[in-house]
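Data block below; observations after.
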Amino acid sequence: MNCPSDYELDAYWLAGRPEDHPVHGHLEGCESCRKRLEEWEQADEKFRNEVFPATEEEVVERLSKSRSGFFGFFTYPRLAAAAAVVLAVVLAVALWRPADREATYIGVKGTLGLEVYCQRAEKVFRVNPGERLLAEDRVRFAVSAPGPGQVMIVSVDQRGEVSLFYPPGPVEGGRTELEGSTILDDSRGPERIFGVFSEGPLDFNVIRSAVERGLKDSGGVENLKKLPLELAQNSLLIHKGSIGE
Amino acid sequence: MDRDEISQLYRRLGPLIYRRCLRLLRDPDNARDATQEVFVRALKHKETLKADRECLPWLYRVATNYCLNFIRDRKPKDDRAPEALLQEGSSESRLAARQQVFSILGEFDLKTQQIAVYSLLDGMTQEEISAVMGLSRKTVGKKLNRFSERSKELLS
């Protein structure tokens, strides 16, 4: 094999340097990589002897205090679910417009419910259809699936560029808070976030092709409320830019 | 997760994060501060973080994002990255790539900056970048091509 990247070397390191790992065999014959690993060990020693003792207390303290913070919200599913229902009712009343109503994004049987939450500095809020979000905003998702299966979250911007926000992952029926978050980049303009559910495996390339077909037919992300796929799905339009725009 | 578990996880993952930050920031003091910040952010936003291969893309994303923002926001008088990089004992081509990347990174959006760092500094394959970034390989390839073309324009 070629010399492994840092990423591959880190994977080997995290796995405890197993002898059956391809990197292990490579290291035996590559002096350059052995030297890299020696440098790593020196850095690791510096962490253990200097960085860890100097920072551990603050790290533990900060993380212990943060349990009720933004993502602490997701650790209280009942509270989150109750809040979601209240919000849904309020939003349904406030935003209901018969002619051009945005997709309902609380799940009902046979559809996928999609909830988007945003953290901006210390503020956390649920994202409403058409809401303006900023570069560096951190977003998380919760879905309400019609049953066990896989879910994937993608987005498409006005240039037609498709990004994978949440790779295909298993969900049970009902509401699931998806792990991890996505930091928005600094592109501007409308962007539509799609949640897609399937009882079988989901393929990103298939979804992306559907987005491309849908964009062609609808003329833009603002009109593309549903992908041309026979899958439970939902979408939410956001606008990326600055507050003053 | 209680305090002991947080401490154990920090002891286990901290070296990896520290190395990553040191590699990008090239300054032990900044890397130390960055390490604790990255670990706190990584754990705060992913409560089930475990020290296995599954956590690697997430840690790379958080660390790289933090360090790139740090480099971008750093005052010019403290901007030691390119000079420090030149003093390294690595191969000339790698140094040239590093210098080139850092000198023009600010011209690109954060996503492209991350991809350029993974590719040109870390030598990661497009598949690895795809896994870390949560993007398709095609998108990674496209962004790298755009980065390459725009870089040539900027440097010409």
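Just so it is clear, none of the values below were taken in a lab; they were calculated from the coordinates. Not measured: the values here are computed from a predicted model. No Cβ is skipped: glycine too gets one built from the backbone with ideal geometry, and neighbour counts run over all protein chains shown.
May I ask you to sort A:Leu63, A:Leu112 by Cβ crowding, counting other Cβ atoms within 10 Å and putting the fewest first? Could the numbers behind the result be given before it?
Working: A:Leu63 22, A:Leu112 25.
Least to most surrounded, the residues fall as A:Leu63, A:Leu112.
Quick check on my link table: of A:Lys123/B:Lys143; A:Lys225/B:Lys143; B:Lys44/B:Lys143; A:Lys123/A:Lys240; A:Lys123/B:Lys111, which ones sit more than 25 Å apart, alpha carbon to alpha carbon? Walk me through the numbers on the way to the answer.
On the way: A:Lys123/B:Lys143 32 Å; A:Lys225/B:Lys143 27 Å; B:Lys44/B:Lys143 30 Å; A:Lys123/A:Lys240 17 Å; A:Lys123/B:Lys111 23 Å.
Pairs exceeding 25 Å: A:Lys123/B:Lys143; A:Lys225/B:Lys143; B:Lys44/B:Lys143.
As a rough footprinting exposure proxy, the listed residues A:Phe204, A:Phe125 were ranked by other beta carbons within 10 Å of their own, and the order from fewest upward is A:Phe125, A:Phe204. Legend: mean number of C-beta atoms from other chains within 10 angstrom of residue C-beta atoms, peptide A:23-32, equals 0.
Pairs of Cα atoms nearer than 8 Å and 6+ residues apart set the relative contact order; for region A:146-245 it is 33 percent. With no solvent and one point per C-alpha, what does the Debye sum give as log10 I(q)/I(0) for region A:6-65 at q = 0.17, 0.19, 0.22, 0.27 Å⁻¹? Reported log10 I(q)/I(0), two decimals: -0.69, -0.77, -0.88, -1.08.
Answer rounded, prolate or oblate for region A:108-245, using the Cα gyration tensor with square roots of eigenvalues a ≥ b ≥ c: rounded when a/c is under 1.5, else prolate when a/b is larger than b/c, else oblate. Display every interim value, and only then the final one.
Values: a/c = 1.91, a/b = 1.22, b/c = 1.56.
Oblate.
The order of B:Ile115, B:Ile6, going from fewest to most other C-beta atoms within 10 Å of their C-beta, is B:Ile6, B:Ile115.
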